[in-house]
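No lab work stands behind these numbers, since they all come straight from the coordinates. The shown structure was predicted, so the numbers you read here are calculated from the model rather than taken from an experiment. Here the Cβ positions follow ideal geometry from the backbone for every residue, glycine too, while neighbour counts run over all protein chains shown.
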Amino acid sequence: MTGAQHGIGAGGAGARAAATPLGVRAQVNLLVAATTAVILAAFLAPLGIVLRNTAEQRAIADATTRAQAAAALVALGRVPQDDTGSLTVFYGDGTQVGADAVRGPAVDLASRGHAFTAQAAGGVEVLVPVEGRADGIAVIRVFVPDQTLHSGVWRNWLLLATVGLTLVGLSLLLADRLGRRLVGSVTALAATADRLAAGDPMVRVTPAGPAEVRRVGAELNRLAARIDDLLRAERAEVADLAHRLRTPLTALRLDVDTIRDPQEQQRLAADVDSLTREVDELIRTARRPVREGVHPVADLTATVADRVAFWSALAEESGRSVDLRLPAGPVPVPVPTQDLAAALDALLGNVFSHTPDGTPFAVSVRAAGEWAGVTVHDAGPGFAAPGVVDQPSVGSTGLGLDIARRTAQAAGGTMRLGRGPLGGALVALTFPPLR
């Protein structure tokens with residue numbers, strides 16, 4: 001058992017920050033909101049302009065009516081009365097009555113007999129000429145300020161904006177309900193795929209939602225069934241192959257018994273026993289379920305204590321001392337209890353198989369942060385080929401270490417080999433935090 005000693009650590013660099021893309025539901029809501037906003041803008045903006053123009057035309061029409069009424073009075077020689085302070089009468093002799101106003105070019109143009117509306121500073125002036133007077137043509141001027149021109153426009157625009165926001169909100173509510181139904185079906189598919197990837201081949205999804213999503217759900221169920229069939233067939237073939245190996249192993253055992261050289265017979269018998277144990281382990285592995293649940297959990301402290309207690313009787317019989325170091329509380333790791341026990345049995349079995357009787361060994365459990373690990377080391381000769389997992393020492397197939405390695409890697413951890421404090425082999429299994 002060699003290689004660089006492994007220390008328990010955080011297991012990698014921190015997670016990289018990445019921009020999270022919008023989900024389907026958010027994209028549907030955003031699309032509906034943008035579409036509704038564009039449609040409402042195309043409809044409400046012209047409507048707002050129409051309301052503004054209508055208000056201006058109404059104010060000018062009212063001013064024109066007042067100017068024409070005043071012109072009738074002036075034609076009769078009477079002076080019109082105005083309480084608004086916006087009406088001015090310019091007589092042909094240059095005098096004026098009413099609101100104070102400057103006689104500008106527009107009034108001079110109207111005095112030639114033209115009635116019209118002209119822009120003025122701060123508003124609009126309505127000009128109506130009065131002909132037939134002895135002093136010349138008089139001009140009636142009614143000034144309409146901008147405030148009167150646009151009276152009520154802002155209120156109407158606010159009402160339109162309120163209606164637009166209400167329609168956008170209703171469209172978002174409807175889109176969210178529709179998106180929730182669509183995303184709910186896709187989320188169920190994703191959850192089923194996650195459980196399938198986590199090792200639960202029996203999980204199935206109930207197809208729901210649009211036709212395309214239901215089709216994906218049906219295909220996912222077919223895929224899960226196919227994976228389950230392949231796993232069962234593979235395990236059956238492994239178990240059948242392992243059982244077939246028993247017959248040549250039995251014949252090989254009988255041939256070994258016929259060897260007359262005691263030392264050669266003992267060496268070959270040990271090799272046959274080791275190969276028999278590996279075949280038995282293959283059969284047990286083939287019969288074991290694929291995964292104990294979607295998220296398996298084992299107590300590393302309790303499992304190590306149990307397996308060391310199991311091997312302690314053999315250790316006492318062979319004169320080996322055991323140094324067991326465990327933390328005070330439980331140490332949960334994401335490994336099925338049966339797989340973890342098999343890995344520990346493989347490591348402890350290697351100690352007994354590849355070190356002389358009386359060789360001490362030590363087992364310790366450590367927890368650093370959320371990561372945890374177990375270390376087994378002894379005072380034996382160590383590995384024959386340092387750093388190579390599948391080549392421990394002479395006489396071993398390496399399957400025991402391979403079982404331990406696969407157990408750690410299946411959980412997302414690692415196995416490291418090295419030289420321990422006792423001078424012999426060291427094997428350290430490290431397990432990541434629970435997900």
- Item | ASP82 versus THR54: modelled label distance in nm, points set 7 Å from Cα along the beta carbon direction | 2.8 nm
- PRE reach from GLU131 (point 7 Å along Cα→Cβ): which of region 92-108 fall under 17 Å by backbone N? 92, 108
- Task: Enter the angle in degrees (range 0 to 90, nearest 10) between the Cα long axis of helix 300-317 and the first principal axis of the Cα atoms of the chain, meaning the one along which they spread out most.
- Result: 10 degrees
- Query: For region 319-363, what class follows from the C-alpha gyration tensor (a ≥ b ≥ c being the square roots of its eigenvalues): rounded when a/c is under 1.5, otherwise prolate if a/b is larger than b/c, else oblate?
  - Reply: oblate
- Task: Answer with a single label: of (1) 103, 24, 15; (2) 76, 26, 18; (3) 80, 41, 24, which was calculated as semi-axes √(5λ) of the Cα gyration tensor in Å from the structure in view?
- Result: (1)
- Message: Per-residue counts of other Cβ atoms within 10 Å, averaged by peptide: what ranking do you get for 373-382, 144-153, highest first?
- Response: 373-382, 144-153
- Task: Note the full-extension length gain between MET202 and ARG406 as 0.36 nm times their separation in residues minus their Cα-Cα distance, in nm to one decimal.
- Result: 71.2 nm
- Difference of contour (0.36 nm per residue) and Cα-Cα distance, ARG222 to ALA69: 46.2 nm
- On a 0 to 90 degree scale, rounded to 10, what angle separates helix 262-287 from the longest Cα axis of the chain? 30 degrees
- Simple label model, 7 Å out from Cα along Cβ direction - LEU165 to GLN27, nm: 3.0 nm
- Task: Give me the angle, in degrees from 0 to 90, between the Cα long axis of helix 337-354 and the longest principal axis of the Cα atoms of the chain, rounded to the nearest 10.
- Result: 40 degrees
- Checking ALA59, ALA33, ALA270 against a Gaussian network model of the chain (alpha-carbon springs below 10 Å), the top fluctuating residue turns out to be ALA59
- Message: If exposed means no more than 16 neighbouring beta carbons inside 10 Å and the site is in a DSSP loop, what's the longest run of the chain without any exposed GluC sites (Glu not before Pro)?
- Response: 132-291
- Looking at region 20-129, which trypsin sites (Lys or Arg not before Pro) are DSSP coil and have at most 11 other C-beta atoms within 10 Å of their C-beta? ARG78, ARG112
- Task: Subtract the Cα-Cα distance of ALA269 and THR187 from 0.36 nm times their separation in residues, and report this length gain in nm to one decimal.
- Result: 23.7 nm
